[in-house]
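Enquirer: Sharing a structure here in structure tokens format.
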Amino acid sequence: MNTSIGDHAVVLGASMAGLLTAGVLARSYGRVTVFDRDAMPEISVHRRGVPQDRHLHFLHPRGRQALDELFPGLTAWLIGQGAPTGDVLGNIRWQLSGHQFRQANIRLPGLLASRPFLEGHVRARVSDLPNVTLVERTDVVAVTATPDRCRVSGVRVHGTAGGGERAVPADLVIDATGRGSRAPLWLSELGYEPAAVDRVDIGLGYATRIYRLRPGALGTDMAMLTAGTPQNPRGGAIAAIEGGRHILTLFGILGDHPPTDPPGFDAFAASLVFSDITDAIRDAEPLTDPVSIRFPASVRHRYERLRRFPIGLLILGDAVCSFNPIYGQGMTAAAIQAGALQRLLARGEMPQPRRYFRTIARTINTPWDIAVGADLAFPQVPGTRTAKIRMVNRYLPKLHAAATADVTLGRAFVRVLGMVDRPEGLLRPDRMLRVLWTHRPGAPAPT
Ligand SMILES: Cc1cc2nc3c(=O)[nH]c(=O)nc-3n(C[C@H](O)[C@H](O)[C@H](O)COP(=O)(O)OP(=O)(O)OC[C@H]3O[C@@H](n4cnc5c(N)ncnc54)[C@H](O)[C@@H]3O)c2cc1C
């Protein structure tokens, strides 16, 4: 155990971001205490504090790498416990902009599992760390500060199963309480300026149901994604999860939400651009009723732009930035941020807030631009469309069409979406030429 930086660090929230953060802090602090208002269930059991955990959670290849960097051997363990895995182009059917990508093995493994399974296993790994204590049923109500308010000195917590309110001193407090983070309020109570907030209203609605499919219903595919188009913004994704089951999530934007009554759910699935999802669930055994969740907007707090910020408080995960979940970036972004924190701590001192927030902002820029740029392809979504966004949104459907025949382009695209490569790579001259070649006058229509 390494206690080089401080005696006690506190993490608020024991979901993916908080757990990964605790794993990182355990290497640099004598003790790490993680508070969550929920009771922590068995592995694979849903919990109230994470209502999104009933919906499909895709872990991008970059997220898989990042998890293994933080917890060596984690994904091999998950696969050993039954998490399906396969190639992200060879075993996933991508249907984007009304075109189905040509499938081929590109040796980029993806991992699928239900969200409670994934989080539960990460929780088990973190709970095994000798200097980490997970305190459940405890609401964090405030941060405490030194009299000059320049430094956060701990938190005030309230045990929801009794025990009343108490102060917990800490050298470092990291807020990972998700979209509902009270950090903006706490900062204002301490006399700090509010951070600017970027917001893209998407009015997204999800509905999800779990099935046991008939044998061979998806062929050799482990998942399939049908994205909406500007003409038909409805989409859906079905994926294998542990236990031989499949999870189907349907989504619609700007209030056009999938219903949760089974006939309405099926009718929504049948209204997608492709019929593959409807074909896959034909004769399937539903194991749950459809459940819904709403996601009004992608929100990004620009803490990196603040000139003053108290020492001893950092924020991570959805509490800083929560992306439109259609693009499946949140857990990967949290894991990358935790990795960035680890590299800052490796310098042997508590990260200064300014340096920390600037560092994680750089990791957030790309997934944020991808999600926002893609949302703005829908003309109904309000927001400023820069010349670059307009150009990219005219180009991508052409690339998707070309990827129906050209594996090089499909590979390049899924590597970018999987957060392995930078998006600029899609605009490389050789790739643009391949797209143009497919769309040259007289070219055969993509199949
Ligand atoms: C519908 C939906 C689908 C998604 N799909 C994907 C996907 O496919 N792939 C992907 O990578 N990501 C996906 N995400 C995002 C992903 O769920 C999050 O990015 C990820 O969970 C990291 O979030 P977090 O840990 O920062 O916050 P959260 O997961 O929101 O967790 C916050 C935690 O803090 C606790 N808490 C809150 N307030 C307090 C308090 N005051 N005191 C104590 N505890 C508190 C809560 O109980 C909870 O445990 C999806 C999100 C949604 C909404």
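Bear in mind that the values in this text are calculations on the coordinates, not laboratory data. Note that the structure is a prediction, hence the values are computed from the model and not measured. As a convention, Cβ positions derive from the backbone with ideal geometry for all residues, glycine included, and neighbour counts pool all protein chains shown.
Enquirer: Taking only Cα atoms, what is the 0 to 90° angle, nearest 10, from helix 407-417's long axis to the longest principal axis of the chain?
Expert: Helix 407-417 sits roughly 30 degrees off the main axis of the chain.
Enquirer: Now, a different point. Obtain the radius of gyration and the Kirkwood radius of region 387-438 from its C-alpha atoms and give Rg over Rh. Numbers along the way, then the final one.
Expert: On the way: Rg = 10.2 Å, Rh = 10.9 Å.
Over the Cα atoms of region 387-438, Rg/Rh equals 0.93.
Enquirer: For Cα pairs less than 8 Å apart in space and 6+ apart in sequence, what is the mean separation divided by the residue count of the chain, i.e. the relative contact order in percent?
Expert: Reported relative contact order: 20 percent.
Enquirer: Moving on to the next point. Which FRET efficiency, nearest 0.05, do R166 and L436 yield, Cβ-Cβ r, R0 56 Å? Mind dumping the intermediate values first?
Expert: Details: r = 65 Å, r/R0 = 1.16.
Result of the calculation: an efficiency of 0.30.
Enquirer: Another question, then. Given R₀ = 22 Å, FRET efficiency for R151-S188 by Cβ-Cβ distance, to 0.05?
Expert: 0.80
Enquirer: With both partners inside the chain, how many of the DSSP beta bridges are antiparallel, as a percent to the nearest 5?
Expert: Antiparallel: roughly 70 percent of the beta bridges in the chain.
Enquirer: Top mean-square fluctuation among D128, D406, D38, Gaussian network model of the chain, C-alpha springs under 10 Å?
Expert: In the Gaussian network model the winner is D128.
Enquirer: Sticking with this one: Which semi-axis lengths, in whole Å and largest first, follow from the square roots of five times the eigenvalues of the Cα gyration tensor of region 1-101?
Expert: They are 32, 18, 13 Å, listed from largest to smallest.
Enquirer: Only counting other Cβ atoms within 10 Å, I'd like T404, T386, T21 sorted with the fewest neighbours first.
Expert: Values: T404 19, T386 11, T21 30.
In increasing order of surrounding Cβ atoms, one gets T386, T404, T21.
Enquirer: Could you give the length gained on full extension between L254 and Y395, defined as 0.36 nm per residue of separation minus the Cα-Cα distance, in nm?
Expert: 48.4 nm
Enquirer: Also, I was wondering about something else. Taking K and R as +1 and D and E as -1, what net charge do the other residues with C-beta under 11 Å from the C-beta of P184 add up to?
Expert: Details: positive: R182; negative: D175, E189, E193.
Combined, the nearby Lys, Arg, Asp and Glu give -2.
Enquirer: Separate question: For the chain, what are Rg and Dmax over the alpha carbons, in angstrom?
Expert: 22.3, 75
Enquirer: Taking R0 as 41 Å, what's the FRET efficiency between V197 and D283 from their Cβ-Cβ distance, rounded to 0.05? Please list the in-between numbers first.
Expert: Working: r = 47 Å, r/R0 = 1.15.
It comes to 0.30.
Enquirer: Give me the net charge of T144's neighbourhood, meaning all other residues with Cβ under 14 Å from the Cβ of T144; Lys, Arg count +1, Asp, Glu -1.
Expert: On the way: positive: R149, R151, R156, R166, R182; negative: D148, E165, D171, D175, E189.
That works out to 0.
Enquirer: For a quick check of your reading of the filter: which chymotrypsin sites (Phe, Trp or Tyr not before Pro) in region 180-223 sit in a DSSP loop and have no more than 14 other Cβ atoms within 10 Å?
Expert: The qualifying sites: there are none.
Enquirer: Compute the helix-to-body angle for 353-375: its Cα long axis versus the longest principal axis of the chain, expressed 0 to 90° and rounded to tens.
Expert: Helix 353-375 and the main axis of the chain meet at about 20 degrees.
Enquirer: If you don't mind, there's one more thing I want to ask. For region 123-226, what is the per residue volume of the convex hull drawn over the alpha-carbon atoms, in cubic angstrom?
Expert: Expressed per residue, the convex hull around the Cα atoms of region 123-226 is 227 Å³.
Enquirer: Enumerate the residues in region 75-109 having an amide nitrogen under 12 Å from the point lying 7 Å beyond the Cα of T220 toward its Cβ.
Expert: Taking a point 7 Å out along Cα→Cβ of T220, the residues of region 75-109 whose backbone N falls under 12 Å are 87, 90-92, 103-106.
Enquirer: Between the alpha-carbon centers of region 1-60 and region 219-288, tell me the distance in whole angstrom.
Expert: 31 Å
Enquirer: Could you check the spin-label model distance between R305 and S275? Points 7 Å from the Cα along Cα→Cβ, value in nm.
Expert: Label-label distance for R305 and S275, simple model: 4.9 nm.
Enquirer: Which chymotrypsin sites (Phe, Trp or Tyr not before Pro) from region 212-317 combine a DSSP loop assignment with at most 13 other Cβ atoms within 10 Å? Don't skip to the answer; put the middle values down first.
Expert: Working: sites: F251, F265, F268, F274, Y303; in loops: F274.
In loop regions of region 212-317 (DSSP not H, G, I, E or B), there are no sparsely surrounded chymotrypsin sites (Phe, Trp or Tyr not before Pro).
Enquirer: Test of the criteria: in region 14-105, which trypsin sites (Lys or Arg not before Pro) are in a DSSP loop and have at most 16 other Cβ atoms within 10 angstrom of their Cβ?
Expert: R48
Enquirer: For region 199-296, what does the equivalent ellipsoid look like in terms of its semi-axes, each the square root of 5 times an eigenvalue of the Cα gyration tensor, given largest first in whole Å?
Expert: 22, 14, 12
Enquirer: Taking the inverse of the average 1/r across all pairs of different Cα atoms in region 318-447, what Kirkwood radius in Å do you get?
Expert: 16.7 Å
Enquirer: Under a Cβ-Cβ cut-off of 13 Å, what is the net charge of the residues other than L272 that fall near it, where Lys and Arg count +1 and Asp and Glu count -1?
Expert: Values: positive: R93, R234; negative: D256, D266, D276, D279.
Net charge in that neighbourhood comes out at -2.
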